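Everything on this sheet refers to the single structure shown next.
The values are calculated or read from the model by the stated rules, or taken from the named source; none is laboratory data. These figures come from a predicted structure and were not determined experimentally. Heads up, the Cβs are rebuilt from the backbone with ideal geometry, glycines too, and the neighbour counts pull from every protein chain shown. Protein only, heavy atoms only, side chains kept; ligands, DNA and RNA dropped before computing areas. Shrake-Rupley method; radii C 1.70, N 1.55, O 1.52, S 1.80 Å.
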Amino acid sequence: REAADVDKVEAPPADPSSVIVFGAGGHGKTLIELIREVGQLELVGVVDDRLARGSDVLGVRVLGNRDDLGSIRRDGIGLAANAIGGITNMASRVEVSQALAARGFVLPALIHPTAFVEASASIGEGAQILAHSYVGSDAVVGKGVIVNTGAVVSHDCVLEDHVNLSPGCLLAGGITVGEATLLGMGVTTYLGIDIGANVRAGNGAIITAPVPDG
């Protein structure tokens, strides 16, 4: 085999409609409700590093922890939703997405029925567009992004991978937000500003000028 293929692991066949949720905290409960509301996927269980196997979360059984992901995937479950919000540490959300992908799970984009996404917008794998949020014309929402409840992503915005927009965050047109940045509840911006990677903006901040990485 070629060197590039040495570390590849071929995933077993999977049911494309069966999904697990990784994380049983507040965001996990939100995703459980979202998946039920959409009604197109079969939610088969929750994976959580803190809860005992067999525990119950909103009527969904805990299947185990991250050490069990390989066996769950081999059982034919093909989809996973990352419910680690990363509020205290955005790297934890990125790490979970990578762990799920490494074990062969596909992370589907999840869009709540009450959200509105313009036809020209681009939504990446594993993005989560929650209730009453809006994604505008020609906006780009990257992999693993959270657009939380009531958030607005105006026209021509670019959200790089694993950005987390908290509830009520309002982005004006043409904003670029770098990878793994967290914008708190009620954050607002001026037009056309570049916000760097790994930025944290507290609740209610008004961003009027470019923000560098970190």
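Tabulated data for the structure shown
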{"item": "Among residues of region 82-112, those that are in contact with a helix residue (DSSP H, G or I) (Cβ under 6 Å, 6 or more places away or on another chain) and among the polar types (S, T, N, Q), counted", "result": "1"}
{"item": "Those residues of region 148-166 which are under 10 Å from His132 (Cα atoms) and open to solvent by 10 Å² or more (accessible area, probe 1.4 Å), in sequence order", "result": "Asn148, Thr149, Gly150, Val152"}
{"item": "Lone unmet requirement of (1) within 12 Å of the chain's Cα centre (by Cα); (2) open to solvent by 20 Å² or more (accessible area, probe 1.4 Å); (3) over 14 Å from Val38 (Cβ atoms) for Gly124", "result": "(2)"}
{"item": "Matching residues, region 87-112, being buried (at least 19 other Cβ atoms within 10 Å of the Cβ), charged (D, E, K, R) and assigned to a loop (DSSP other than H, G, I, E, B)", "result": "none"}
{"item": "Residue in region 113-120 that is in contact (Cβ under 8 Å) with a residue 24 or more places away in the chain, under 28 Å from Val47 (Cα atoms), in contact with a helix residue (DSSP H, G or I) (Cβ under 9 Å, 6 or more places away or on another chain) and surrounded by 17 or more Cβ atoms within 10 Å (Cβ to Cβ) present", "result": "no"}
{"item": "Hits in region 167-180 - residues which are touching a strand residue (DSSP E or B) at 6+ places or on another chain (Cβ under 6 Å) and open to solvent by less than 10 Å² (accessible area, probe 1.4 Å)", "result": "Cys169, Leu171, Ile175, Val177"}
{"item": "Verdict on Thr208 being without any contact (Cβ under 8 Å) to a residue 60 or more places away in the chain and exposed (fewer than 15 other Cβ atoms within 10 Å of the Cβ)", "result": "yes"}
